[in-house]
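For reference, the structure discussed in these notes is given below.
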Amino acid sequence: MTLIKSISGIRGTIGGSKGDNLTPIDIVECVSAYGTWLIKNNDGKVKVVVGRDGRISGSIVSNLAIQSLISLGIDVINLGLSTTPTVEMAVVDFKAQGGIIFTASHNPKQWNALKFLNDKGEFISAQAGTDILNFIEHGQISFCNVDDLGSVTNHSDYIQKHIQHILDLDILDIELIKSKKYHAIVDCINSTGAMSIPPLLDALGCSYTLLNHEITGDFAHTPEPLPKNLKDLIDKTENSDADIGIAVDPDVDRLALVCENGDYFGEEYTLVAAADFVLSKTPGNTVSNLSSTRALADVTKKHNGIYFASAVGEVNVVNTMKQNNAVIGGEGNGGVIYPTLHAGRDALVGIAFVLNLMAEKDQCLSKIKRSYPAYTIIKNKIDLRDENHFSEIKEIILSSFKDEKINLVDGVKIDFENGWVHIRPSNTEPIIRVYAEAKTEAEAQALTNKVTESLA
């Protein structure tokens with residue numbers, strides 16, 4: 001059982017002991033520290049937007065957090081069951097000072113997490129996270145008296161407002177998408193994709209078949225949208241008249257696609273396709289993290305833009321996008337960030353972009369995939385033995401591959417002539433991630449073996 005505090009939030013498994021898991025005591029402490037940080041950094045009344053995915057523990061975590069905020073004198077806008085991008089957008093629309101999303105993203109059902117946002121609806125900085133941890137460690141939290149308690153306002157309709165923001169984007173040709181009458185198979189993974197994707201598809205004139213659409217939080221399969229977890233979606237897309245298969249994670253910020261013939265389009269290529277569409281309308285720069293496919297850089301170059309790489313983590317991608325005026329960016333895990341809408345990963349806008357791309361090119365998804373540079377990424381992991389484990393690995397790699405191009409922005413990335421290997425501690429699990437990319441799976445595996453064998 002685990003409790004992880006990182007740039008990606010405070011994440012842990014439900015049950016167990018304080019400090020070792022995400023227990024009620026940890027939830028109250030961490031949320032109260034976040035609320036205290038907001039109060040100290042804002043003048044006047046503080047307002048926080050909250051929302052949760054469909055996890056079994058969601059209502060418990062949400063209720064504990066809401067009552068903690070009220071006890072600090074903070075007013076809460078509760079979206080209830082929602083999506084990560086919806087909460088991010090609501091923070092800005094409600095002019096709130098912050099937000100919290102209760103979700104562990106792609107992690108299995110025993111996990112949950114607190115994802116803290118700033119007043120721009122973006123994940124808080126590493127420095128802010130450090131300040132919040134200091135409030136916990138040094139007992140600087142003080143609750144208000146009974147006359148100054150905060151209030152709660154419920155807004156259960158905000159997903160529809162999120163969808164309307166997407167439909168209002170000038171870049172989209174809604175009528176063209178409607179004219180194609182696409183049919184989609186959608187894996188909702190027993191969470192809030194079931195209440196956010198159908199109304200979007202309705203608005204785009206698409207019909208659909210839903211899989212795992214009961215919002216129980218008892219996920220029908222491992223929720224990370226990878227091919228090994230999407231066998232039912234792949235099979236049903238291949239053996240139907242569907243034009244596209246759609247999979248999201250439980251908080252609907254990651255998007256993976258399946259081609260009409262059952263081929264896995266790939267979460268790495270979700271951002272590539274979305275960027276291809278956006279860059280065709282608004283040329284400019286792009287950003288993804290160091291563990292994402294080279295195909296985005298190739299497509300960006302095709303559109304006369306410049307590609308930039310960031311450290312892994314949404315906040316790092318967003319900051320790099322701002323620094324380089326990127327028109328679109330994201331992560332190779334299926335995360336599309338379109339700053340004109342909001343500065344966060346958003347599967348819903350990704351769906352709209354890909355459908356518009358298909359309609360405009362008048363091509364099936366498999367043909368669009370074939371038009372992009374072909375790369376294969378393989379994703380492996382090593383159990384994190386202790387806090388010194390990665391440091392040991394890093395020193396071995398630096399010694400063994402000193403003649404190769406090395407990037408130390410986030411872990412260690414080795415750029416070989418025919419591909420790359422990126423090794424870094426996970427922000428969300430007690431593991432070391434080992435990603436590799438090359439033109440073929442065999443080449444990517446050979447590069448992985450070359451690096452891992454040096455660690456033996």
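Pairs to check: 181/322; 95/322; 115/322; 228/439. Give those whose C-alpha atoms are more than 31 Å from each other in this structure. Please report the intermediate quantities before stating the final value.
Details: 181/322 36 Å; 95/322 21 Å; 115/322 21 Å; 228/439 21 Å.
The answer is 181/322.
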Remind me, what semi-axes does region 76-161 give for its equivalent ellipsoid, largest first in whole Å, using sqrt of 5 times each Cα gyration tensor eigenvalue?
-> 23, 19, 14
The chain - Rg (one decimal) and Dmax (whole number), Cα, Å = 21.6, 66
Which aspartates and glutamates does residue 109 reach when only Cα atoms under 15 Å apart count, and residues fewer than 8 places away in its own chain are ignored?
-> 53, 214, 218, 224, 249, 251, 429
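For 451, 92, 152, 252, which order do you get if you count the other beta carbons within 10 Å of each Cβ and list the fewest first? Show your work: numbers first, answer last.
Numbers: 451 21, 92 17, 152 13, 252 32.
Sorted ascending by nearby Cβ count, the order is 152, 92, 451, 252.
Per residue, how big is the convex hull of region 376-455 when only Cα atoms are used? Give it in Å³. The partial results should precede the final answer.
Numbers: hull volume 6.7 nm³, N = 80.
Expressed per residue, the convex hull around the Cα atoms of region 376-455 is 83 Å³.
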Cut-off under 5 Å, modelled amide H: who pairs with residue 308 long-range = 286, 287, 288
Could you name the aspartates and glutamates whose alpha carbon sits less than 19 Å from that of residue 47, not counting residues in the same chain fewer than 8 places away?
-> 29, 75, 88, 93, 119, 122, 147, 148, 157
Rank by packing, highest mean first: peptides 135-145, 339-349, 165-175, with packing defined as the count of other Cβ atoms within 10 Å averaged across residues.
-> 339-349, 165-175, 135-145
Highest-first arrangement of 355-362, 401-408, where packing means the average Cβ count within 10 Å = 355-362, 401-408
What is the Cα centroid distance between region 9-50 and region 275-308, reported in whole angstrom?
-> 37 Å
Percentage relative contact order, the chain, counting C-alpha pairs under 8 Å, at least six apart = 12 percent
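Full-extension gain between residue 406 and residue 43, please, as 0.36 nm times their residue separation minus the C-alpha to C-alpha distance. Mind dumping the intermediate values first?
Numbers: separation 363, 0.36 × 363 = 130.68 nm, distance 4.53 nm.
126.2 nm is the gain from fully extending residue 406 to residue 43.
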Based solely on its DSSP helices, what 222 nm [θ] is calculated for the chain when runs of n ≥ 4 H residues each add -39,500 (n - 2.57) and the sum is averaged over all residues, nearest 500 deg cm²/dmol?
-> -11500 deg cm²/dmol
Between residue 335 and residues 5 or more places away or on another chain, which pairs have amide H atoms under 5 Å apart, with H built 1.01 Å from N, and which residues are they?
-> 255
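Counting other Cβ atoms within 10 Å, keep those with at most 12, restrict to DSSP loop, and tell me which trypsin sites (Lys or Arg not before Pro) in region 171-222 are left.
Numbers: sites: 178, 180, 181; in loops: 181.
Filter output for region 171-222: 181.
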Those trypsin sites (Lys or Arg not before Pro) in region 93-175 that DSSP places in a loop and that have at most 11 other beta carbons within 10 Å | 95
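Among 318, 87, what is the fewest-to-most ranking by other Cβ atoms within 10 Å?
Numbers: 318 24, 87 28.
Ranking 318, 87 by Cβ neighbours within 10 Å, fewest first, gives 318, 87.
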Counting only DSSP beta bridges fully inside the chain, the antiparallel percentage to nearest 5 is 60 percent
Which pairs break 23 Å Cα to Cα here: 161/367; 18/381; 379/450; 161/361; 231/379; 178/361?
-> 161/367; 18/381; 161/361
Going out from 0 in 10 Å bins, what whole percent of all Cα-Cα distances in region 3-160 drops into each bin?
-> 12, 45, 37, 6, 0
Sorted from fewest to most neighbouring beta carbons within 10 Å, what does the list 237, 2 look like?
-> 2, 237
Got a sec to turn the phi values of region 204-216 into Karplus ³J(HN,Hα) couplings, 6.51 cos²θ - 1.76 cosθ + 1.60 with θ = phi - 60°, whole Hz, x for Gly and Pro?
-> 9, x, 9, 8, 7, 10, 9, 10, 6, 9, 7, 7, 10
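None of the figures in this text is laboratory data; all of them are computed from the coordinates on show. Everything quoted here is computed from the prediction, not taken from an experiment. Every residue, glycine among them, receives a Cβ derived from its backbone with ideal geometry; neighbour counts consider all protein chains shown.
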